[in-house]
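Encoded as structure tokens, the structure appears first; notes follow it.
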Amino acid sequence: MKCIITIELGTNGVRVFAFDLNGRVIGSMKGYFPTFHTEPDHSEQDPEQIFITTLYVLKNLLNEYIHPRKHQVVSICFSASMHSVLPVDKSGNPLGNAITWADNRAKKEAQELRSAALGKKLYAATGTPIHPMSPLLKITWMKHRDTERFRLASKFLSIKSYIIHQLTGELLMDYSIASATGLMNIHTLHWEADALKYAGITTSRLPELAPVFTAAGKLKKAYLQSLRLPPETKVLIGSSDGCLATLGDGVKGEGKATITIEDSGAVRVMGPTVLKDEQMRFFNYLLTDNCYVSGGPTNNGGNIFEWFSRQFGDFTNPFDLESSMQQLMEEASKVPLGSEGLLFLPYLLGERAPIWNAHARGAYFGLNIKHERKHFIRATIEGILYEIYSIGKTLGEQRAIKSLSVNGSFGTIPFCTQIIADMFNKPVKLRPQLHSVSFGAYLLSATEMGIYKSLDEAAQTVELPGVYKPRKQHHAVYADYYNIFEKLSVKLYDEFEAIGSLQSKYSQTS
Amino acid sequence: MNQFVLQHGKSAELLLFPHILEVGIKKNGAIQLNAFPATVTQSLRIYYIIDGRFEWRIDRLPYIIYPGDVVLILPGSSFGSDNGVLEIGSFTWIHLNIQKLDNGHLQPGSWSGLSESESAAIGKILSLNGSPVISKCSEVGKILRCIHTELFGNEVGYQASINHQLDELLIQIGRKMTRQSHSARDFPKSFMHLEAVLRQDLAHQWTVEEMAALVGMGTTLFTERVKSYSGFSPINYLINIRISEAIKLLKRPEISVTDIALDTGFYSSQHFSTTFKKLTGYRPSEFRKNHLRNS
């Protein structure tokens, strides 16, 4: 039997899936690699460890599910987190670790560009919000603050470009990853001269741009041997996690949107045109030359509930975060919806869409003498989901959303999915197994092979079997509370900044 | 028990225990000057506070110590109080002659019943520990009291009993220390800590016992948690780190393959070569040649 392998280079590790040609999962495996925070705003990963972990997991998966059953691997398709930067020297050696999407070192550069006229122009041209996550600003930071590394950098790669370079020798960046660098013009499909000029680089210091269907060379002989793969195995460059999750949920077409909530989250739509926004709140990334994935990201998703669980969960079984979180969910489900008037602003990590305020902080609001511990649990979950709703609502001003799908480990917890359906007052669909990104990569490979005529056709075949229906009375309650949530999210602007600066002032001295 | 001090070479009670350099109880009724000056010794010193409140300095950092607290002073660290002041209160202590290995790790002597890997693990915990004060550790008080009773009681089997108690003392302190610095609520954080320690000393022949002990877990639970968190067994995870460090070193032509093997924790260049080839398809020397040719 023929099969398709997908490799997802994620935030916390790598996930490898094997699909048959009909999109059924044959097997999957994951491997973790760490993120280093050597300084407060820094967030880095070791490219060699990512490479070795990827190779190791891929090999284990092949040996466990593919070779014993004599399946034949037709193609390997990549997906990756966006916004990473890895400078390499002229021999292709990494100059230090890769800088990940979560890195905030370029916050000053971001603030400057955001308030300049050039910022608006670059946002419109590149589709990437002006934010420290953007490789444009990370490279600019390096130009100012890490001059030696900047000087030695022969090329600025993404993590995916590096991994593919190791495997095949090709040096490419796919449209999706490139369109999230702030350096690519999403309308002309070339590197954007003004952005490059701002970052102080030329096109020779970036990899070549390639459509997501590009075959990125052949696997090197040694890897063919150690992985026991045939030489004709295709390596597809693939796309980004955000674009593929949207494709994997079949969001192509009018009125559809998808919600992803993992550690962080996003609400996305897909279509032939970009979302224009004076306030620069939305991203517009490329899946193909005529298909944009647009939406808004949040910093505060499942990681906030994890934080809450660590502080207030029950740990009778040491180190067992999962059962502690489950128990909290159960307690929360017994609290009346709306948490009897306790609201939570989830901005523990600052916030991107829709308020784009790095200084934002968390808050519980409306506390009265009758509130108990359990109200805090439910309020925390509801606060995370109000924030998702607020992104959806701002998106809805530009694109009518009729139906929703949800993916990601936090969003697909039944209790959360139902609240999402109630808040949006729309039916929410989902896939029972959690692999929208990898399924998107499968659809991409299958389209490339000609199984589907186009990505449109591929997306139309997606069926999401689970459905959560909205409940009218619940929606009314959430809508009432949301009004206050929305006002609070902007009302505290000055105080957010003030408390944030006190926090850094006093935590440095202690 | 009344106050007393027994010292190696002076007290007959310690003849059978050359590894106990000093043991005693102090009950101090009035503030004394110049009674507790800072000293540096080559022994492992353990103090347990019975009552009172003491302000002591360990390696120049000030600590306030309360009843139930244990203070652990590593060989070569300075310990005492400012101006030698001894405050009111009582405490008990023991000084052990514990070998400090070349790599800085501590290892109990032949009197100990701990296996080699267990004592390496405990030694590692004690020498890597960030804080010399362990709070609320009454187990240590009980063990020390038991040692005193045995020393003066001379009942049959007291020699073995005391040596057992000393092992127990190290075990309890090691366990308490890791639990104090690792919240059972946060495996990712403990795992990151472990990851950093492994990277600092990749050449060491890490065992699962040592790794588990460093984050305060039993090996079974540890292996299970690492597997579900990382997708790898602890040893395979370690191999990931070793090979990724080796790749970086192989890209620098000035270091020999044998040195890289030993630096990254493989016990021979043969072992390195086999593991490297199994994972990457290249022998290390081929990988290097290929890389240098392409660049």
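The values are calculated or read from the model by the stated rules, or taken from the named source; none is laboratory data. Quantities reported herein were computed from a predicted structural model and do not represent experimental measurements. Glycine gets a Cβ as well: all are built from the backbone with ideal geometry, and neighbour counts include every protein chain shown. With ligands, DNA and RNA removed, areas are computed over all heavy atoms of the protein, side chains included. Shrake-Rupley method; radii C 1.70, N 1.55, O 1.52, S 1.80 Å.
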Using alpha carbon centers only, the range A:131-168 is separated from the range A:467-510 by a whole-angstrom value of 34
Report the net charge of residues surrounding residue B:109, where surrounding means a beta-carbon distance below 15 angstrom and charges are Lys +1, Arg +1, Asp -1, Glu -1. -2
Taking the range A:257-352, which chymotrypsin sites (Phe, Trp or Tyr not before Pro) meet the DSSP loop condition and have no more than 13 other C-beta atoms within 10 Å? none
Can you tell me the 0 to 90 degree angle between the C-alpha axis of helix A:436-449 and the longest principal axis of chain A, rounded to 10? 30
So, by mean Cβ neighbours within 10 angstrom, what's the order for B:190-202, A:51-63 with the highest one leading? A:51-63, B:190-202
Lys and Arg at +1, Asp and Glu at -1: add these up for the other residues within a Cβ distance under 15 Å of residue B:95 and post the number. +2
Among A:279, A:215, A:365, which residue has its Cα positioned farthest towards the positive end of the charge dipole of the protein assembly as shown, with +1 placed on the Cβ of Lys and Arg, -1 on the Cβ of Asp and Glu, and the dipole taken about the Cα centre? A:215
Please work out the average accessible area per residue across chain B, using the 1.4 Å probe convention, and give it in Å². 47
Mean Cβ neighbour count within 10 Å, used as a protection proxy, ranking A:435-444, B:223-232 highest first: A:435-444, B:223-232
Taking a ≥ b ≥ c as the square roots of the Cα gyration tensor eigenvalues, with a/c under 1.5 meaning rounded and otherwise prolate when a/b beats b/c, else oblate, which class fits the range B:4-181? oblate
DSSP bridge orientation in chain A - percent antiparallel, rounded to nearest 5: 65
Report, in debye and to the nearest 20, how large the dipole of the range B:71-190 comes out about its Cα centre when Lys and Arg carry +1 and Asp and Glu carry -1 on their Cβ. 440
Out of the trypsin sites (Lys or Arg not before Pro) in the range B:28-61, which ones are loop residues according to DSSP with at most 10 other C-beta atoms within 10 Å? B:60
Using the Karplus equation 6.51 cos²θ - 1.76 cosθ + 1.60 (θ = phi - 60°), what ³J(HN,Hα) coupling, rounded to whole Hz, does each residue of the range B:62-77 give in order, writing x for Gly and Pro? x, 9, 9, 10, 10, x, x, 7, 10, 10, 10, 10, 6, x, x, 8
Phi-derived 3J(HN,Hα) across the range A:323-333 with the Karplus relation (6.51, -1.76, 1.60, θ = phi - 60°), rounded Hz, x for Gly and Pro, is 6, 5, 5, 4, 4, 5, 4, 4, 4, 5, 5
In peptide A:129-142, what is the residue-averaged number of other protein chain Cβ atoms found within 10 Å of each Cβ? 0
Explain nothing, just the number: relative contact order of chain A, from Cα pairs under 8 Å at least 6 residues apart, as a whole percent. 13
Toy charge model, Lys and Arg Cβ at +1, Asp and Glu Cβ at -1: the protein assembly as shown dipole around Cα centroid in debye, rounded to 20, equals 1640
So, R0 is 45 Å and r is the distance between the beta-carbons of residue B:293 and residue A:454; what FRET efficiency does that work out to, to 0.05? 0.60
If each part is reduced to its alpha-carbon centroid, the range A:232-309 and the range A:70-96 end up apart, in Å, by 20
Given unit charges at Cβ for Lys, Arg (+) and Asp, Glu (-), the dipole magnitude of chain B about its Cα centre in debye, nearest 20, is 1120
Under-5 Å amide H pairs with residue A:348, H placed in peptide plane, nonlocal only: A:362
Chains B and A together, accessible area buried on both sides, 1.4 angstrom probe, square angstrom: 3100
Normalising by the residue count of the range A:2-243, find the relative contact order in percent from Cα pairs under 8 Å and 6+ residues apart. 21
Mean per-residue count of partner chain Cβ within 10 Å for A:24-35 equals 3
Inter-site label distance for residue B:101 and residue B:60 at 7 Å from Cα along Cβ, in nm: 2.9
Sorted on mean Cβ neighbours within 10 Å (highest first), peptides A:5-12, A:117-124, A:488-495, A:350-357 come out as A:5-12, A:350-357, A:117-124, A:488-495
Accessible area of the range A:2-243 belonging to carbon and sulfur atoms, whole % at 1.4 Å probe: 52
Of the residues B:126, A:350, B:154, the Cα lying farthest along the dipole of the protein assembly as shown towards its positive end, which is defined by charges on the beta carbon of Lys, Arg, Asp and Glu, belongs to A:350
Scan the range B:121-161 for GluC sites (Glu not before Pro) in coil per DSSP, keeping those whose Cβ has at most 16 other Cβ atoms within 10 Å, and list them by number. B:155
Whole-Hz Karplus couplings 3J(HN,Hα) for the range A:474-480, θ = phi - 60° and coefficients 6.51, -1.76, 1.60, Gly and Pro as x, run 5, 4, 4, 5, 4, 4, 4
The rounded separation in angstrom of the Cα centers of the range B:268-295 and the range B:53-101 is 51
Nearest 10, in degrees from 0 to 90: the angle of helix B:234-250 to the longest Cα principal axis of chain B is 60
If you take the charge dipole of the protein assembly as shown about its Cα centre, with +1 on Lys and Arg Cβ and -1 on Asp and Glu Cβ, which of A:498, B:213, B:269 is farthest toward its positive end? B:269
Shielding by partners, peptide A:48-61 (average Cβ within 10 angstrom, other chains): 5
Could you tell me what percent of the DSSP beta bridges with both partners in the range A:2-243 are antiparallel, to the nearest 5? 60
In degrees, nearest 10, the alpha-carbon axis of helix A:135-145 is tilted away from the dominant principal axis of the alpha carbons of chain A by 90
